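In what follows, a single structure is set out as structure tokens and then discussed.
The values are calculated or read from the model by the stated rules, or taken from the named source; none is laboratory data. Here the structure is a predicted model, which is why all the values come from computation and not from measurement. No Cβ is skipped: glycine too gets one built from the backbone with ideal geometry, and neighbour counts run over all protein chains shown. Side chains are part of the model used for accessible areas, which takes the heavy atoms of the whole protein and leaves out ligands, DNA and RNA. Shrake-Rupley method; radii C 1.70, N 1.55, O 1.52, S 1.80 Å.
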Amino acid sequence: MLPPGATWLIPVRFDDGDVPDWDLGAGRTLSDLNYADLFGDKYVSNLVSLIDTISKVVGESGAESATARPNTRENTAGRSPMLHQLIKTMSARAMRSAEEDKTYARDSQRVLDAMGERSAQSFGLDVQLSDKQKHMLKVIWEPMREHGRWPLWDYVQGEMPDPFEAEAILRSMPSIGSFEFGFLHYGIVWYDYRNLAPDSVVRLTVAAAMHISEYEFMGYLFVNALQKLVVRVKQRKASPFEVQRALITSAELAPMDQHFNRQFIQVFPELIHYEPLTLAASQSMGEFGWTMELTRTLLRYEGVGSVEDYIQRVVRLVGEINRDHESSLGSSAVSGDIEKSNTQNSISDSSFGNSVQAGSIGSVNFYGSPIVGRQQDRSVDDE
């Protein structure tokens, strides 16, 4: 039995209809209870309040605890998936069509924004991984640690205790963004999302450093190197008549920090290549090392002092870019020119299941192997 005044039933209205006078006993009816309206202008705020109430009933911290997010990692781990599922379950119009699923995902994002949860934790990159997920990350990292190359999916699958569940584990890895055409996506593992094959290369991103101690130092080195690149970009002197390039070589980066070992210097271009946004305009590998041309996008990461800080910045920037792209799609739909807008403003990277904005993809070469790289759009970067 629940004590008097305890919340145990919350009526929800999806339109302006009356709540029925169903008898609940003790002289009370359903219409006597406080109800939530999930329609109209207050849809998002009311849904936030409803979720907050439900969280308190089941023992989770509510929306007010967003300011204490760093201390409540466990409570926020499954929140975004929970919101997504809750919206789908409570909606009387829930359908399984792909188009409506997009709508539910956008609603989830609106609710998260309203709750003020803008940290990496709220988006699932810092959730507690299962033992199987952690084991897969270690399997992926080991060949890079030993040989300086990321492994093929065939190897990763074979090293898992149960190869037949390996793909499900891989696809369950935390990520943010969207695989939809024209949107940015970022997860703790990079792989060919749409066409996973035995010869697909599987890579860890910097976000994986938050999950396995074996990779933690690599994340630390990456953040330190990133700040060195920020300084190099800030040192570039602009000219009114000629574009001044900000370049850095492996030979220049190596002595900037005593912890930059040979292995890190060798793999750094590939690490930075698979992080979101345009950090390097172009990269080339020579007989004695590499040369990297830097972009002003690096200034967005100025002051980042840890892997956690870096991931929070990535989450914010990816979210901003995806929302801008979504807004541009809406504007194009109104003008009846959405297909043309998609073609001009976004390019899909089908090789890695990733989509990025136009001007951010180019052809580069690492260690004699052609891969998809990122190329700066100078007209945007030099504004």
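Hey, can you grab everything whose amide H is under 5 Å from the amide H of Ser200? Only 5+ residues off in sequence or another chain; H modelled, so Pro and N-termini drop out.
It is Trp153, Asp154, by chain and number.
For the peptides 189-201, 292-304, what is the packing order when you average, over each peptide's residues, the other Cβ atoms within 10 Å and list the highest mean first? Spell out each step's value before the answer.
Values: 189-201: 15.5, 292-304: 18.3.
Averaged packing, sorted descending, gives the order 292-304, 189-201.
Give me the distance in nm between label points sitting 7 Å out from Cα along the Cα-to-Cβ direction at Asp199 and His135, one decimal.
Spacing of the two 7 Å Cα→Cβ label points: 2.9 nm.
If you count only protein heavy atoms with a 1.4 Å probe, what accessible area per residue comes out for region 110-259, rounded to a whole Å²?
I get 48 Å² per residue for this part.
With a 10 Å radius around each residue's Cβ, average the other Cβ atoms per peptide and rank 34-42, 169-177, highest first.
Numbers: 34-42: 13.3, 169-177: 19.1.
Descending packing order for the listed peptides: 169-177, 34-42.
Would you pull out the residues with amide H under 5 Å of Leu129's amide H, same chain only if 5 or more places away, H placed 1.01 Å from N?
none
Could you run the Karplus curve 6.51 cos²θ - 1.76 cosθ + 1.60 with θ = phi - 60° over region 183-199 and give me ³J(HN,Hα) per residue in whole Hz, x for Gly and Pro?
These are the phi-based 3J(HN,Hα) values: 10, 7, 9, 8, x, 7, 10, 9, 7, 6, 5, 8, 10, 5, 9, x, 8 Hz.
Measuring from a point 7 Å past the Cα of Thr53 along Cα-to-C-beta, which residues in region 22-39 have an amide N at less than 12 Å?
Only 32-38 pass the distance filter.
Could you tell me whether region 191-268 comes out rounded, prolate or oblate from its Cα gyration tensor? Rule is a ≥ b ≥ c as square roots of the eigenvalues, rounded for a/c under 1.5, then prolate if a/b exceeds b/c, otherwise oblate. Walk me through the numbers on the way to the answer.
Numbers: a/c = 2.59, a/b = 1.56, b/c = 1.66.
The shape class here is oblate.
Mind ordering 229-240, 213-224, 311-322, 154-165 by average Cβ neighbours within 10 Å, highest first? Intermediate values should be presented prior to the final figure.
Values: 229-240: 12.4, 213-224: 17.8, 311-322: 19.4, 154-165: 14.7.
My ranking of the peptides, most packed first, is 311-322, 213-224, 154-165, 229-240.
Would you grab the residues whose amide H sits under 5 Å from the one on Ile176? Only those 5+ places off in sequence or on another chain, please, with H modelled 1.01 Å from N.
Residues meeting the amide H criterion: Tyr186, Gly187.
Please compute the length gained on full extension between Asn224 and Asp154, using 0.36 nm multiplied by the number of residues separating them and subtracting their Cα-Cα distance. Please list the in-between numbers first.
Working: separation 70, 0.36 × 70 = 25.20 nm, distance 3.31 nm.
Net length gain for the segment: 21.9 nm.
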